[in-house]
Amino acid sequence: MRKQEYAAESDFLRKVVVRPVREEERGQFDFRLEQDHYLHSAHLSGQTMRYVAQVDGQWVALLCFSAPALHLKAREQWIGWTPRQRARRLGFVVNNSRFLVLPERERYPNLASRVLGLCLRRLSADWHQRWGHPVLVVESFVDESRHRGTCYRACGFEAVGFTQGFGRSSRDFYQEHGQPKQLYLRQLRPKARTLLRRGRLPEGLIEHEEKLSGPCSLRALELESLVKVFGALKDQRRGHGLRHRQRSVLACAAVATLMGASGYQAYEDLCGKLTQRQLRALGCARDRQGRHYGPSDSTFFRVINQVEAAHFEQVVGAWLVEQEISVLARLAVDGKVLRGSGRGDGKPLQLLSAVSHRLRLTLAQVPIEEKSNEIPALQPLLRSLPSLEGGLITADAMHCQQESSRFVTQELGADYLWGLKGNQSGVLEKARRLLARESFFPSRKGRPLGEGPSPA
């Protein structure tokens, strides 16, 4: 009897077909969701895709995908991206916001995983066709007091942690509902997590990033602290009719830069994406209707051109360190000449800077003494930053010195990656001899590491 039941179920599952809902079917689709889904709602936010699964023309399950949640601590840790990357790339993530196996078809235990698997195979291509860009990651919330999430695990989803039990009640506010849900995440293509946290997306995706630049991921308290930091700078403007305070303009510029903008008009456009609560936190002016609005491109031009670029970068870098210590995980140490800063001997001032790899922002700078070089400036530069334990410091061959290496590993508890050139001729020659040996790297299946697969 069990063999017959298994054969009948297998035959039924092979007939399952998943397709997008047609416009004339939306009324019936929404009615079934409102009637049979435990949320009793068919309302979705943002970009959406609706699917129906059917067998021999009869509906057996309904699925909806929509915009992802704006803030999920477990998701951000799982992906490992920065606030700037999240703001620019959140559109590559979608939420499986509804999944309903119709009551008359619940007797088939494997139907849910079959339907979900078929849907995931086509989701990115369908999304690209409908909305102009692919998707890389799917998220879903499961109320484990009702469901165990078995079909999600069967389809390769990973349970990464519980939500904090809040739901959005309006565009800017969240209310506690006291029902934490398990967050499930799945990559739709190999190494999607790695791609989303890369400094630069590959060619096939980078063209979509500008269009996807989403809402600002910073919250009101974080924005208020940024405004406070810029409040210490004196406003050089004079005269009447100044609508925006300098600190607000600079804070808006910093936020827009973190969201990927690179020009005055882009700053103005991105400020238009901020919510009223965020604009209020940034101290933006009000119009006659009492609504906050961001600075114009000409206002950004006038204010920013009176502020030293290096100082602006330092202020934002120091603020970022306070907000997210992970910006210190990968630092590049590099020297540069400050243009227009001639000393008494006519030579320009040289600075040694610590730059975040992922954000490409300067976090600290120290001057290089006259008649000296970058090497003595390395230690005071790195000491000026918070704990670097467990991080990685990169620098050019000038810093390939025993004392610099000892300082980074023994005193800071970090790792280093130095360039190696002729200034360390003995070490360079030894490295060349060792790297030339086939046995230097651990072999994999009989082949030295780095070789491609054997020919068929």
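Read the figures in this text as sums done on the coordinates, not as results from a lab. In this text the structure is predicted, and so the values were computed from the model without any measurement. All Cβ positions, even for glycine, are placed from backbone atoms using ideal geometry, and neighbour counts span all protein chains on display.
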Quiz item: Going down the table (228/273; 15/191; 336/430; 73/273), which pairs top 25 Å between alpha carbons?
Solution: 15/191; 336/430
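Express in nm, to one decimal, how much length is gained between residue 22 and residue 276 on full extension, taking 0.36 nm for each residue of separation and deducting their alpha carbon distance.
Values: separation 254, 0.36 × 254 = 91.44 nm, distance 3.61 nm.
Separation in residues times 0.36 nm, less the Cα-Cα distance, equals 87.8 nm.
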Quiz item: At a Förster distance of 35 Å, what's the computed FRET efficiency of residue 432 paired with residue 73, Cβ-Cβ distance as r, to 0.05?
Solution: 0.15
Quiz prompt | Built amide H within the under 5 Å cut-off of residue 392, gap 5+ | solution = 330, 331, 415
Self-check item: residue 98 long-range amide H proximity, modeled H, under 5 Å
Solution: 64
Quiz item: What ³J(HN,Hα) values, in whole Hz, does the Karplus curve 6.51 cos²θ - 1.76 cosθ + 1.60 give for the range 281-296 when θ = phi - 60°, with x put for Gly and Pro?
Solution: 5, 7, x, 6, 6, 10, 8, 5, 8, x, 8, 6, 9, x, x, 7
